[in-house]
Amino acid sequence: MMQGTLHPAPRGRDVVLEQVRIVGLSLRREALVAAVVLGVVTLVIAIDIVHGRAATWFDSDEWFVIGLFSFLVPFAVWRREKRFGPAFLWTLPVDRRRLALAKVFAGWVWLMAALACFVLWQLALAVLSGVADAETVPLVAFSGATAMYLLGSALVLGLRHPLRWLLGTAGAFFLLATLNEALGRAENGMARMFAWSGALRWAIYGPYGIDTLLSSRTFQSAVENAATVWWPVTIFLWLGAGVAALWAAASRHGERRRR
């Protein structure tokens with residue numbers, strides 16, 4: 001009778017490296033689309049450089065679009081995986097929560113690589129344009145991008161239908177904000193029922209809101225004025241919230257062993 005050989009569980013480093021490779025392969029289509037878009041934009045900027053109109057491309061270093069892109073990357077990372085129920089990913093000899101976190105980390109690695117390429121691309125064009133005091137996206141924007149990526153990963157990993165929740169929540173907030181404004185203008189006492197929509201506005205535009213997290217103006221103010229602590233505290237709070245949300249989402253996939 002043949003005896004089966006028990007192989008040791010793969011090391012954590014090997015799991016992470018394999019997930020980095022797999023995620024990189026799964027994002028080839030998105031990388032190709034991004035390369036085509038950058039190629040077209042490069043051509044347009046080159047034409048403006050020749051005609052002396054390149055200054056308009058380097059008059060702002062806002063990274064709100066980068067934050068939105070980072071939030072949506074997890075949807076591409078997990079689009080081929082069945083996150084709940086039986087799936088090939090969960091058949092690997094690794095704890096499901098560890099495997100989920102390894103995949104999230106792999107997506108973050110490729111996101112950082114993509115952003116680094118974008119920053120270098122923008123810096124190279126700024127140098128070639130010869131624009132004085134050209135403004136480009138600084139490396140410090142990666143902290144905000146990381147926070148948004150963690151929140152996006154928690155949404156995708158923790159919910160069965162994250163896109164429905166995202167669109168539904170956004171629509172509900174927009175509707176309530178509109179009603180709040182309309183009732184406020186009418187001086188109707190029912191406007192108090194929608195006062196919590198003001199909290200949403202504060203979460204977006206307040207001193208510790210998303211606008212502060214993804215605003216270069218806040219960063220510049222923090223550098224110029226040492227007393228300004230909003231931006232670093234905002235980064236810490238949003239990163240902490242992202243890590244906590246991701247851990248809670250990954251815990252839904254923890255192994256359930258019966259004794």
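Bear in mind that the values in this text are calculations on the coordinates, not laboratory data. None of these values were measured; they are calculated from a predicted model. As a convention, Cβ positions derive from the backbone with ideal geometry for all residues, glycine included, and neighbour counts pool all protein chains shown.
Stokes-Einstein, applied to the Kirkwood radius of the range 99-166 over Cα pairs at a viscosity of 1.306 mPa s and 10 °C, places its translational diffusion at 113 µm² s⁻¹. What does the charge count near LEU159 come to, summing +1 for each Lys or Arg and -1 for each Asp or Glu among other residues with Cβ under 10 Å from its Cβ? Cβ neighbours under 10 Å give a net charge of +4.
Between beta-carbons, use under 11 Å as the cut-off and find the net charge around VAL131, counting Lys and Arg +1, Asp and Glu -1. Local net charge: -3.
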